[in-house]
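The values are calculated or read from the model by the stated rules, or taken from the named source; none is laboratory data. These numbers were taken from a predicted model, which means no experiment stands behind them. Cβ: placed from backbone, ideal geometry, glycine included. Neighbour counts: every protein chain shown. For accessibility, only protein heavy atoms count, side chains too; no ligands or nucleic acids. Shrake-Rupley method; radii C 1.70, N 1.55, O 1.52, S 1.80 Å.
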Amino acid sequence: MKYTSTRDKDKHVSAAQIIIDGLAKDGGLFIPEKIPQINEKFLKELLAGSYQQRAEKILSLYLADYTSEEIKACVSNAYTADKFDTDAVAPLVKLADGEYMLELWHGPTSAFKDMALQLLPQLMSAALSKTQQKNDIAILVATSGDTGKAALEGFCDVAKIKIIVFYPAHGVSKIQQRQMITQKGKNVEVIAIEGNFDDAQSGVKKIFGDKKFIDKLHKKGYDLSSANSINWGRLLPQTVYYFSAYCDLVNNAAITLGDKVNYTVPTGNFGDILAGYYAKKMGLPVGRLICASNANNVLTDFFKTGTYDKNREFFKTSSPSMDILISSNLERLLADCSNSDEELSQWMNALSAKGSYTVPNKVLERLHETFSAAWVNEAETAQTIKDVYKSYNYVIDPHTAVAYHAAQKYKKNTGDNTPMVVLSTASPYKFNENVLKALDIKAKGADEFALLDLLHQYNKNPVPQNLAKLKTDSVLHDKSCSKENMAEEVEKFLKA
Ligand SMILES: *Cc1c(COP(=O)(O)O)cnc(C)c1O
């Protein structure tokens, strides 16, 4: 099976190559030429498997140029017992009849990004040997918090790959900063930017667009790549947990094989929910996918009206990983629902030129066959954290609260009582300050580490080891630079 670009279906590229490249040269995103189809026999075989075995079977359908031994090695290196604090990897927790939480935060940084960023480096490293690429890869990341640490942890000490993370000096939480500056590994660099997230992000984009600099690095033995969610190697691992949750429901006799299940997904860049769309297209009995947004509700409006318009006020919310106005992966969904490559290119060009585009009714109807959308404001988010705690003695983080409340709105508006899986994307300990506030717990003067212990008094899940030990981990990175000097720092680290 080969891959093609959303903007040029005449391209035919191998899985290994698109995982190395990340983005197509025509500016489009890579998508599979054909979505592989599964049948009931395939699902039955998944039922008995571990998370890792389920992942191997699903990945094999897409990674035609990887051997089954290679896939097995990648998966077992990614989802190990010393990285994930439960054998289930992504456990499904029942809140009430027909209501389930899919906990995606049991990995090494307590964020759902681990589900993909533990596997991507393995797939990339295997791809480098398969394509016999001579140069090493340098991964550049600009982060507003969660992605940086998850990427560092995933790429740490992976052969032939180096990673440099830039974060805004005053734009990440204390825990997030501490997670990054204590990162171990011979191939990692962490640098604070004197500026905000946009400065870090535009600095990285500038480097990716600087042909002269890229040539220079190439001659010195390095090619640049990216670890953000436009890389197919980050999307593919996410389809696995849709299948895995479904299997768990069957195994627990909550549903019968073949019954439909709905999923609600707290959405930012549209990567997580798109993986659910692929799972449905493959033949998993998915009913509806509910796209949950916070006050940055550009996607809710899009699914309602067919107009995507990023020209609007940007809100900083308690669910910062969803504070996004351009959801890059939407392009992949639209490639599947549009009438032609030209039509899609027009929309994407309009998005970069004037910040908006409108899809015709026919396309909107196709989207509505699968997707619903709802958004949740800050007061509702806090109230939901409190309500879920009171009803179920279960503590959720603000991103998960947005999704849970959106699921309730969807059910109320439609009367659809299909079993609902809510994707839980962060450990509440990672957002302890806002969670404690929502629970009306006073924490005057307590530092971030004391807050972990305080929250533990209410949360029956233990404080994740990776967060608890931050207090005593030694600081290994104290570099900072101005946004003008980022390329220089890259060269210095690579000794290029
Ligand atoms: C990244 C992230 C999301 C959004 O996922 P997308 O794939 O960008 O839509 C939601 N919640 C948390 C905690 C995240 O880190």
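The table below gives the values:
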read-out: Considering only segment 74-222, percent of DSSP beta bridges that pair antiparallel, nearest 5; value: 25
read-out: Electrostatic dipole magnitude of the chain [Cβ: Lys, Arg +1; Asp, Glu -1; Cα centre; debye, to 20]; value: 320
read-out: Residue (of Gly107, His399, Thr317) at the positive-pole extreme of the chain, dipole from beta-carbon charges; value: Gly107
read-out: 10 Å-binned pair-distance histogram of segment 1-100 (Cα, whole percent); value: 13, 32, 32, 19, 3
read-out: Computed lengthening from Lys412 to Thr472, 0.36 nm per intervening residue step minus Cα-Cα distance; value: 16.9 nm
read-out: Positive-end residue, the chain charge dipole about Cα centroid, Cβ charges, pick of Asn432, Leu152, Thr370; value: Leu152
read-out: Volume of the Cα convex hull of segment 244-387, divided per residue and given in Å³; value: 116
read-out: Expected-Rg normalisation [2.2 N^0.38 Å, Cα atoms] applied to segment 339-485; value: 1.46
read-out: Mean accessible surface per residue for segment 39-148, computed with a 1.4 Å probe while every protein chain stays in place, in Å²; value: 37
read-out: Distance between modelled label sites at Lys174 and Leu47, nm, 7 Å Cα→Cβ extension; value: 5.1
read-out: Volume per residue of the C-alpha convex hull in segment 253-322, rounded to whole Å³; value: 106
read-out: At q = 0.16, 0.18, 0.21, 0.31 Å⁻¹, base-10 log of I(q)/I(0) for segment 417-468 (Debye sum, equal scatterers on each alpha carbon); value: -0.50, -0.59, -0.75, -1.35
read-out: Considering only the chain, percent of DSSP beta bridges that pair antiparallel, nearest 5; value: 25
read-out: Pairs from Lys11/Lys72; Lys220/Lys495; Lys134/Lys206; Lys216/Lys492 whose Cα-Cα separation, in the structure shown, is over 20 Å; value: Lys11/Lys72; Lys134/Lys206
read-out: Nearest-10 value in Å² for the accessible area of Lys113, using the 1.4 Å probe; value: 30
read-out: Coarse-grained scattering of segment 168-260 at q = 0.10, 0.12, 0.22 Å⁻¹, given as base-10 log I(q)/I(0) from a Debye sum over alpha-carbon atoms; value: -0.52, -0.68, -1.23
read-out: Label-point gap, in nm, between Lys34 and Ser480 - each point 7 angstrom along Cα→Cβ; value: 5.6
read-out: For segment 52-211: span of alpha carbons on each principal axis (Å, largest first); value: 47, 46, 26
read-out: Equivalent ellipsoid, the chain (semi-axes from 5 times Cα gyration tensor eigenvalues, Å); value: 31, 28, 24
read-out: The chain: relative contact order as a whole-number percent, Cα under 8 Å and 6+ apart; value: 18
read-out: Sequence of Glu103, Glu365 from largest to smallest accessible area, 1.4 Å probe; value: Glu365, Glu103
read-out: Segment 314-422, dipole about Cα centre (Lys/Arg Cβ +1, Asp/Glu Cβ -1), debye to the nearest 20; value: 420
read-out: When the convex hull of its Cα atoms is projected in every direction, mean area for segment 48-119 (nm²); value: 5.6
read-out: Solvent-accessible surface ranking, highest first, for Glu70, Glu40, Glu33 at 1.4 angstrom; value: Glu40, Glu33, Glu70
